[in-house]
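Read the figures in this text as sums done on the coordinates, not as results from a lab. The structure displayed is predicted, hence computed values, not measured ones. Quick reminder, even Gly has a Cβ in these numbers, built from the backbone with ideal geometry, and neighbours come from all protein chains shown.
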Amino acid sequence: MKVVVTAAAELDLIEIGEYIALDDLPRAVSFVQELIDHCHRIGETPRLYPFVPRYEHWGIRRCVHGNYLIFYRAREETVEIVHVLHGARDYEPLLFPEA
């Protein structure tokens, strides 16, 4: 299945990379690449990961990569990566601003 990374998720990846680069630039580059690779692997089995509890009706699922959560929607022919966030963040206002 084709994987599409939204502009919001791209910004998340940039912010993650910039934060890690403050301590270790090579690790920042490799870790962001790991996240991107994981996003693309979701396209192989998009329905494997659970829906976000209480928000199933939004169609948002999440996948864990280390301390980070990859939020996405599985569409008919594409997987839409919505956000990539640290697991300690309060993600609900970012994902569900109208809720």
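Longest span of the chain, sites excluded, free of GluC sites (Glu not before Pro) in DSSP loop with at most 13 other C-beta atoms within 10 Å? Let's see the in-between values first.
On the way: sites that count: E44, E76, E77, E98.
Answer - 1-43.
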Q. Counting DSSP beta bridges with both partners in the chain, what percentage is antiparallel, nearest 5?
A. 80 percent
Q. Expressed as an acute angle from 0 to 90° and rounded to the nearest 10, what is the orientation of the C-alpha long axis of helix 25-42 relative to the principal long axis of the chain?
A. 20 degrees
Q: Could you grab the relative contact order for the chain? Cα pairs under 8 Å, six or more apart, rounded to a whole percent.
A: 31 percent
**Q.** On Cα atoms only, tilt of 7-21 relative to the major axis of the chain in degrees
**A.** 30 degrees
Q: Calculate, for R54 and L25, the FRET efficiency according to 1/(1 + (r/R0)^6) with r their C-beta to C-beta distance and R0 41 Å; round to the nearest 0.05.
A: 0.60
Q: Specify the inter-centroid distance of the range 53-88 and the range 1-51, based on alpha-carbon positions, in whole Å.
A: 12 Å
